[in-house]
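So the structure is just underneath, and the comments pick up after that.
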Amino acid sequence: MNTGLTRKQRLVRSSVRSFCERELRPIAGEIDQEARFPWEVVEKMGRLGYFGIQAPKEFGGAGMDSLSYSIIIEEISRVSASVGLCVTVHNSVGLYPVLAFGSEDQKTRWAVPLARGEKIGAFCLTEPNAGSDARGIESTAVLKGDQLVINANKVFVTNGGVADICLIFVKTGVPGGAVKVSVVVAERGTPGFVVGDLEDLCGMRANPVSSIRLYDCAVPECNLLGRDGDGLKIGLAALDAGRMGIAAQAVGIGQGALEESLRYGKQRRQFGVPIEKHQAIQMMLADMATQVDASRLLVYRAAGLRDRGEPFSQAAAMAKLYASEASCRVTDMAVQIHGGYGYSKAYAVERYYRDARVTRIYEGTSEVHRMVIFRGLLGK
């Protein structure tokens, strides 16, 4: 597909693909089955700049554009969606808010080690009783002297098992006053900072998703990100970037499943010929390719708008909605093409099938994105 990529963007795709084929492909199935975070690959990614893709070079980042970012996430996810998830969450909702809303001191303290891949970031919003309704969070941060004392119970935290720097969404405000939502940064190792057990998930099994609990965890007042009450503003800005990354991840999952199916179609023989010769298989492969390309183009449109400094919330929501749902359809067809083997862990398509499903849930459910798109139609 001719997508009008620049020479630099094509080189980015080629270099990331080569890295993933060499370093990730041989262990992708193993780390999924063992639910193991591949530190040996992640550390190499950090040295190559994958954890500071769009961060300015003065903060240790690669200074790339949003389209290059989308390409990188797609290429990683094409081989291992779990690792793609780690990279996109770290960049989009871990590092980006610090760069966009942090003070110069905060950028030096947190953005630099995050961009260099020396530390891993996490975005801690979801709670047992709050998810899509961010205002429903129950976690609090109370100012006592020059310390913010945090009590929080965050669940389904992507990268939670390995995160060093966590953005904690909390309620702030004085008793009897207006309740505000704010973001406070807490670091692993701070007294009262507790990482819960890893979740035993259906897909994305190589990403250490966990709960994070803070019990009277005191951090300096200067750990408040942005201003008091900026939490929803920060969260929405981060999720705009995040949903574009998840859309790119979904494209990578779909592309990986399509390639596996094309390969299998040449190898598997039924009725005396390779199954790719049968029209039923050809129709499915054509539909898969069309939906993957359509998803990619929606992601590229959102990335282009962001790079030009134009509003991209609705475009990102469309990309995330379509790409996530398309990846589920594409991986389902991939399993069908493989037949009984598609239901076996001996073939990668069952992993793509499991990984695709959650893309319709995290970084905003499909239903929430339809709401965002509809509000955009009304000009709100």
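For the stretch 235-308, rounded, prolate or oblate, judged on the Cα gyration tensor with a ≥ b ≥ c (square roots of eigenvalues), a/c < 1.5 rounded, else prolate if a/b > b/c? Prolate, because a/c is 1.5 or more and a/b exceeds b/c. Dipole magnitude for the stretch 232-366: computed about the Cα centre from +1 point charges on Lys and Arg Cβ and -1 point charges on Asp and Glu Cβ, it is near 180 debye. Once the Cβ-Cβ distance of residue 13 and residue 197 is raised to the sixth power relative to R0 = 51 Å, the FRET efficiency obtained is 0.85. Rounded to 0.05, the FRET efficiency of the residue 267 and residue 180 pair, given R0 = 41 Å and the Cβ-Cβ distance, is 0.10.
Oblate is the label for the stretch 1-78. Its Cα gyration tensor axes, ordered a ≥ b ≥ c, give a/c of at least 1.5 and b/c at or above a/b. Relative contact order of the stretch 151-209: 40 percent, from C-alpha pairs under 8 Å at least 6 residues apart in sequence.
Across the stretch 192-199, rounded Karplus estimates of 3J(HN,Hα) from the backbone phi angles (6.51 cos²θ - 1.76 cosθ + 1.60, θ = phi - 60°) give x, 8, 10, 8, x, 5, 6, 6 Hz, Gly and Pro being marked x. Annotation for residue 232 and residue 374: the two label points, set 7 Å from Cα along the Cα-Cβ direction, are 1.9 nm apart. Using Cβ point charges alone (K and R +1, D and E -1), the dipole size of the chain about the Cα centre works out to roughly 1000 debye. In this simple spin-label model, placing a label point 7 Å from the Cα along the Cα-to-Cβ direction at both residue 341 and residue 48 gives a separation of 2.9 nm.
When each of the peptides 34-41, 60-67, 335-342, 239-246 is scored by how many other beta carbons lie within 10 Å of its residues on average, the order from highest to lowest is 239-246, 60-67, 335-342, 34-41. Here the contact order of the stretch 1-144, divided by its residue count and restricted to Cα pairs under 8 Å and six or more residues apart, works out to 23 percent. Relative contact order, whole percent, for the stretch 220-350 stands at 33, derived from Cα pairs under 8 Å and 6 or more residues apart.
When 320, 266 are sorted by how many other C-beta atoms sit within 10 angstrom of their C-beta, beginning with the fewest, the order is 266, 320. With R₀ fixed at 56 Å, the C-beta to C-beta distance from residue 279 to residue 143 puts the FRET efficiency at about 0.25. With both labels modelled 7 Å from their Cα along Cα-to-Cβ, the residue 39 to residue 190 distance reads 2.4 nm. Packing order of peptides 354-366, 6-18, 268-280, 303-315, highest average first: 354-366, 303-315, 6-18, 268-280 (average count of other Cβ atoms within 10 Å over each peptide's residues).
Starting from the Cα gyration tensor of the stretch 142-252, take the square roots of the eigenvalues, sort them a ≥ b ≥ c, and report rounded, prolate or oblate (rounded when a/c is under 1.5, otherwise prolate if a/b is larger than b/c, else oblate). Oblate, because a/c is 1.5 or more while a/b does not exceed b/c. Counting beta carbons within 10 Å around each of 45, 283 and listing the fewest first gives the order 283, 45.
Coordinate-derived values only; no laboratory data. What you see is a predicted model; the values in this text were computed from it and never measured. Because the Cβ atoms are built from the backbone with ideal geometry, glycine has one as well, and the counts that use them run over all protein chains shown.
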